Amino acid sequence: MIIAVVDGMGGGIGSQIVSNLRDELPSYIEIYALGTNSIATSSMMKSHANKGATGENAICVSSKKANVIIGPMSIVIPNSMMGEVTCRMSEAISDSEALKILLPLIPEDFELIGLENKPLILLIKDAVKLIKKEFNIK
């Protein structure tokens with residue numbers, strides 16, 4: 001099983017996701033750190049992802065291989081993260097057959113109605129629970 005964690009900017013969200021996945025899931029599950037830039041990828045790799053790659057093509061290719069793609073909602077919004085998320089990246093993630101788990105952390109010019117306002121760590125814990133349930137992982 002492959003879980004692709006996608007993040008940009010400084011990779012802080014992605015590194016927290018990778019760290020929690022690594023702590024909660026069996027070691028046979030591969031975690032890919034896919035950064036929109038090298039700083040984000042490096043940050044996620046420091047949290048013990050199995051493999052890391054950077055940039056548009058890496059995200060497009062790896063999205064096809066993943067069983068789960070997880071990251072902030074911005075990863076499916078073209079030109080978000082100050083332009084780091086390209087149209088091709090967001091399209092590849094959206095078109096992937098992987099289960100997409102999107103944390104409701106969005107650009108300031110978007111609003112999502114009806115979501116519970118939770119701290120990031122609780123959102124990540126909910127995402128890990130969802131992965132365990134969806135793939136029958138104890």
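Computed from the coordinates by the stated procedures, all read-outs in this text should not be read as laboratory data. Note that this is a predicted model, so its numbers are computed, not measured. Please note: Cβ atoms are built from the backbone with ideal geometry, for glycine as well, and neighbour counts cover all protein chains shown.
Things to note:
- Rounded to the nearest 20, the Cβ-based charge dipole of the stretch 62-138 about its Cα centre (Lys and Arg +1, Asp and Glu -1) stands at 600 debye.
- Remark: the stretch 1-101 carries a charge dipole of roughly 160 debye about the Cα centre, counting +1 on each Lys and Arg Cβ and -1 on each Asp and Glu Cβ.
- Choice from Glu97, Glu84, Glu108 with maximal GNM fluctuation in the chain (Cα, 10 Å cutoff): Glu108
- Each stretch of four or more DSSP H residues adds -39500 (n - 2.57); spread over every residue of the chain, this sum gives -12500 deg cm²/dmol at 222 nm.
- Length available on full extension from Asn136 to Asp95: 0.36 nm per residue minus the Cα-Cα distance, which gives 12.3 nm.
- Estimated FRET transfer efficiency (Leu112, Cys87; beta-carbon r; R0 22 Å; 0.05): 0.55
- Applying 0.36 nm per residue to the separation of Val61 and Leu122 and subtracting their alpha-carbon distance, the gain on full extension is 19.0 nm.
- Among the listed values (i) 1.89; (ii) 0.95; (iii) 1.47, the one matching Cα Rg over 2.2 N^0.38 Å as calculated from this structure is (ii).
- Using R0 = 22 Å, the C-beta based FRET efficiency linking Ser27 and Leu105 works out to 0.20.
- Selected from Ile101, Ile69, Ile29 as most flexible by GNM, with the chain as the system and alpha-carbon contacts under 10 Å: Ile29
- Exceedance of the 19 Å cut-off in Cα-Cα distance is limited, within the set Lys64/Lys125; Lys64/Lys100; Lys65/Lys125; Lys46/Lys133; Lys46/Lys129, to Lys64/Lys125; Lys65/Lys125; Lys46/Lys133; Lys46/Lys129.
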